[in-house]
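Heads up, the thing below is written out as structure tokens.
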Amino acid sequence: MKPRRSLAATVAGLLLAVLLLAPASSSALVVGVGDQSPNLFTNEWLTPLGSERTRLIVNYDSVLHRDEKAGLDLWMRAARSAGQEILVAFNPPSTMACPNLNGSKSCRPVSSASYTKAFKAFRKAYPYVRLFQPWNEVNNLTQPTVYRPDAVVTYYDIVRRNCRGCTILGADIQDLPNMVTYTRALLDNFRRRRIPTPKVWGMHNYTDANRFVQDANSSVKKLLKILPGKVWLTETGGLYRFQPQNARQTFRPDLKRQARAMDAVFKQAIKYRSRIDRIYIYHWFGAGISNRWDSGVLDVNGQPRPVYDTLLKYRRYFG
């Protein structure tokens with residue numbers, strides 16, 4: 001006769017089974033996919049990943065302009081229909097050109113009054129959005145905040161006061177040469193203005209990933225030493241092609257390098273999984289040759305590039 005197992009032994013056995021079925025890492029790391037096209041959510045190649053999180057970059061005042069809001073409504077409906085959790089990052093208005101060129105003075109931070117009006121309108125239109133990045137790539141020359149970290153803190157505070165219970169990222173920082181000094185200035189502004197220090201921050205680690213920097217000199221490592229709390233890799237991925245504005249081809253088309261870079265994204269996030277618990281891949285659809293930037297998982301014909309196989313390898317972190 002087979003002896004009966006005790007309740008404790010049964011529970012222990014179930015727990016062991018769960019641990020064996022779980023990913024090798026105990027990390028809470030989760031992955032989402034960002035793209036500006038609403039077609040993302042019905043794409044046949046996204047379905048196998050089971051992705052339930054997404055990110056959108058939108059002009060901060062789009063909701064106030066009928067033509068822009070129409071496109072925004074379309075994207076939001078598609079994301080909601082697909083059951084996606086939405087993270088929104090705000091960008092400059094369409095009328096703003098950054099950096100200032102040819103004597104233009106348009107690249108200046110928007111006023112707190114304008115930002116407040118636009119954000120309240122956004123919240124009213126899309127009350128189900130609860131995750132925000134008050135400004136996108138704050139330390140980039142393409143943004144009016146590049147020399148004004150104080151404006152970033154102002155926008156954060158506006159969102160904080162008008163979105164109770166929301167998750168608000170302290171800043172969206174890119175791994176550029178000015179990253180460390182800019183981040184320290186941000187933290188100093190939070191302290192001086194006695195605004196509670198954010199518990200979550202955003203980072204774009206394209207340089208680390210695509211130049212395969214994984215050691216103590218990596219931007220991720222440097223930023224983690226400075227920032228308190230969690231860091232989300234809010235925009236990252238492997239570059240297929242990138243041509244900067246100075247016309248020098250920094251990254252020529254290379255499918256193998258792109259796949260390796262995506263693998264590097266995951267390896268770095270897992271390495272620092274005690275601090276990094278989210279990744280947002282950007283973007284899904286490949287761009288035409290006229291576009292300077294192409295980090296698409298699919299090519300221009302909608303077919304998977306080799307980088308797609310890398311995502312399948314880390315499929316357990318989606319959903």
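Going through VAL88, VAL110, VAL63 one at a time, which residue ends up being under 21 Å from PHE190 (Cβ atoms), touching a helix residue (DSSP H, G or I) at 6+ places or on another chain (Cβ under 9 Å) and modelled with pLDDT of 95 or more?
Within the list VAL88, VAL110, VAL63, the selection yields VAL110.
Return only the number of the condition from (1) hydrophobic (A, V, I, L, M, F, W, C); (2) surrounded by fewer than 22 Cβ atoms within 10 Å (Cβ to Cβ); (3) touching a residue at least 40 places away in the same chain (Cβ under 8 Å) that ALA151 does not satisfy.
Of everything listed in (1) hydrophobic (A, V, I, L, M, F, W, C); (2) surrounded by fewer than 22 Cβ atoms within 10 Å (Cβ to Cβ); (3) touching a residue at least 40 places away in the same chain (Cβ under 8 Å), ALA151 misses just condition (2).
Report every pair of residues separated by at least 6 positions or lying on different chains whose Cβ atoms are under 7 Å apart, first residue within segment 65-89 and under 16 Å from ASP35 (Cβ atoms), second in a helix (DSSP H, G or I) and not hydrophobic (A, V, I, L, M, F, W, C).
Pairs that qualify, where the first residue is under 16 Å from ASP35 (Cβ atoms) and the partner is in a helix (DSSP H, G or I) and not hydrophobic (A, V, I, L, M, F, W, C), are LEU72/SER62; LEU74/PRO38; TRP75/PRO38; ALA78/PRO38.
Return the only residue of ASP263, ASP309, ASP299 being surrounded by fewer than 21 Cβ atoms within 10 Å (Cβ to Cβ), within 30 Å of LYS199 (Cα to Cα) and modelled with pLDDT of 95 or more.
Of the residues listed, the single one that is surrounded by fewer than 21 Cβ atoms within 10 Å (Cβ to Cβ), within 30 Å of LYS199 (Cα to Cα) and modelled with pLDDT of 95 or more is ASP263.
Just checking, how many residues over segment 230-243 are part of a loop (DSSP other than H, G, I, E, B) and of a type in the set (A, V, I, L, M, F, W, C)?
1
Name the pairs: first residue in segment 257-276 and more than 15 Å from ALA28 (Cα to Cα), second residue surrounded by fewer than 22 Cβ atoms within 10 Å (Cβ to Cβ), Cβ to Cβ under 6 Å, at least 6 apart or on different chains?
Filtered contacts from segment 257-276: ALA259/PRO306; ALA259/THR310; MET262/THR310; ASP263/THR310; ALA264/PHE212.
Here is a check on your reading of the model: is GLN258 touching a Gly at 6+ places or on another chain (Cβ under 8 Å), of a type outside the set (A, V, I, L, M, F, W, C) and assigned to a helix (DSSP H, G or I)?
yes
The values are calculated or read from the model by the stated rules, or taken from the named source; none is laboratory data. Just so it is clear, the model here is predicted, and its values are computed rather than measured. In this analysis, Cβ positions are derived from the backbone assuming ideal geometry, glycine residues included, and neighbour counts consider all displayed protein chains.
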